[in-house]
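Quick note: the coordinates plus some simple rules give every number you see, no bench work behind them. None of these values were measured; they are calculated from a predicted model. Heads up, the Cβs are rebuilt from the backbone with ideal geometry, glycines too, and the neighbour counts pull from every protein chain shown.
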Amino acid sequence: MKIKIYSVSGILPAYETVGASGMDMRAYISETVTIAPGKRAMIPTGISIELPPGFEAQIRARSGLVAKYGICLANGIGTIDSDYRGEIKIALINLGDEDFIVKNGDRIAQMVIARYERAEWEVSDSLSFTERGEGGFGHTGRN
C-alpha cells in the first residue's frame with residue numbers, strides 16, 4: 001500500500017526489522033526537550049500523511065522506552081484519521097522517576113497502519129446470550 005507523506009526533514013517513519021508491524025517515528029525538534037517525572041510534552045515529528053479512506057494510523061508507545069524509562073503515550077494509543085492533514089505530534093508522558101531527555105532524531109513512538117470499519121447502530125431491546133454475559137474487569141480470575 002502506498003501512502004502520501006510530507007516530511008520537512010526528509011526522514012520517513014521506518015520499519016526497523018522485517019517482521020515489524022510498526023514504523024518508528026522520530027522527534028523533529030530544534031532543541032532538546034526535558035520531560036520531568038509526571039509531566040507531558042508534545043513532540044513534533046515533522047511529518048504529515050494522507051491516508052486513504054477506511055484506514056487509520058495508530059500511534060503506539062515503544063516498548064523499550066516504557067520498560068527502561070517509563071515513557072508512554074499520554075493518550076494510550078493515538079489515532080491519525082484519514083482526513084487529518086496536519087503535522088503528527090506525539091504526546092509523551094514520563095511515568096518514570098527521572099527526567100527524560102528527547103533529542104532531535106530520537107525514536108519516540110511507533111505507527112501502525114490499520115484498516116477499520118465504520119459502525120452503524122441498530123437499536124435493540126435485547127442482546128444475544130453469551131456464556132460470559134456481563135462478566136468483566138477480571139471476572140475470570142488471575143490463574
Quiz item: Å³ per residue of the Cα convex hull, for the range 89-143?
Solution: 250 Å³
Quiz item: Could you give the distance between the Cα centres of the range 1-46 and the range 79-129, to the whole Å?
Solution: 13 Å
Quiz prompt | Cα-centred dipole magnitude for the range 4-115, charges only on beta-carbon of K, R (+1) and D, E (-1), debye, nearest 20 | solution = 80 debye
Quiz item: Based on the mean of other beta carbon atoms within 10 Å per residue, what is the order of 119-130, 81-92, most packed first?
Solution: 81-92, 119-130
Quiz item: If one puts a single equal scatterer on every Cα of the chain and applies the Debye formula without solvent, what log₁₀ I(q)/I(0) results at q = 0.11, 0.18 Å⁻¹?
Solution: -0.54, -1.03
Quiz item: Regarding the range 57-130, what are the three Cα extents along the principal axes, ordered largest first, in Å?
Solution: 53, 33, 14
